[in-house]
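Before any comments, here is the structure.
The values are calculated or read from the model by the stated rules, or taken from the named source; none is laboratory data. It should be emphasised that the depicted structure is a prediction, and the values quoted were computed from it without experimental measurement. With ideal geometry, Cβ positions are generated from the backbone for all residues, glycine too; neighbour counts draw on all protein chains shown.
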């Protein structure tokens, strides 16, 4: 039997590879983006309450109403927009499923989707498996800023969607108001959709404001906004996210979602609905993670790495060319084997493998782990 792969270039992700390598070499894992500290006990208690109370069967396909209403209230509080909980919010299996379902629902064979690279690794495969064409825009260090005039030049009759990610994984950059105004001007009077990945919405530093698409009514009318509870509540393994979009777009997304995952873990949804009534947690996140960022960068100041700016997310990028001439994949392997610290080579976030000699560190770790990693990297480089 002959199989013709729809994704012939896709293998095991770099995140899985580096995490496995970290385990093999007993290295500190600053590669894959997950926290190593616990979820708030109050939230775990709410989950147990709903499990014991019998909330263990299928949830509604769109998500439990209590959670959708809590999300709507939160968005009004943060971004001055109140989505219709019934018609505009869908609970998904993480933000990745929300992204995949949106692309599957809205992208037809031959449609072009503009993607800014470096990019989260699910974007391009989701486009290509649905017959779309990824039109990649290469962002360069150290600023990784978008040249909107160049984007305008790329717009053609087959352009169907522009994907943005803010705060941005892996670079830690954030879009500002001028970016949103440029995006609005480019898409005005077109049929172009915007998919905005905002899973790191609360991880933004130095007094900056998160410029959610939800703040911009003209953009939101053509948009799908994807967000996640995993990053916000230190629980990436729960795989609960959501999509917010105008009713006509949401209706199409749900047609795919219902045959993709159908419904999401019910007791977790009810527990999250309760917990969202306490905004103290997510309001404290910028300061919580900024302290980790500053601690890590201060500890790493004595190493030969040249760190770039980090305005958001829990990732920091660093150049290493004054340390080694190795390509970034080989250098990441070397750090894991010899310095016992696993990182991610940034070339993995470019479809063409662009290598500027930069690696990504995850600082969503305890103070002890971050300091131990810095000590390892001070030795032998």
Any chance residue 98 is in a helix (DSSP H, G or I) and either more than 17 Å from residue 255 (Cα to Cα) or not assigned by TED's automatic domain parsing to the domain that holds residue 262 (or both):
no
Scan the range 211-241 for residues that are free of Cβ contacts under 8 Å to residues at least 60 places away in the same chain, outside any helix (DSSP H, G or I) and under 17 Å from residue 77 (Cα atoms) and jot them down.
211, 216, 225
So the helices (runs of 4 or more DSSP H) completely within the range 242-304 holding 1 or more residues that are within 30 Å of residue 318 (Cβ to Cβ) are 280-300
Within the bounds of the range 24-43, is there any residue that is part of a helix (DSSP H, G or I), surrounded by 15 or more Cβ atoms within 10 Å (Cβ to Cβ) and either outside the structural domain of residue 228 (by TED's automatic domain parsing) or touching a residue at least 40 places away in the same chain (Cβ under 8 Å) (or both)?
yes
Do the conditions hold for residue 63, that is, is it within 30 Å of residue 333 (Cβ to Cβ) and buried (at least 19 other Cβ atoms within 10 Å of the Cβ)?
no
Based on this model, can you work out whether residue 267 counts as in the same structural domain as residue 86 (by TED's automatic domain parsing) and more than 30 Å from residue 45 (Cβ to Cβ)?
no
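Scan the range 75-82 and tell me whether some residue there is touching a strand residue (DSSP E or B) at 6+ places or on another chain (Cβ under 6 Å), part of a helix (DSSP H, G or I) and assigned by TED's automatic domain parsing to the domain that holds residue 172.
No - not one qualifying residue is present in the range 75-82.
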From the set of residues in the range 1-23 that are touching a helix residue (DSSP H, G or I) at 6+ places or on another chain (Cβ under 8 Å) and outside any loop (DSSP other than H, G, I, E, B), which is surrounded by the fewest Cβ atoms within 10 Å (Cβ to Cβ)?
21
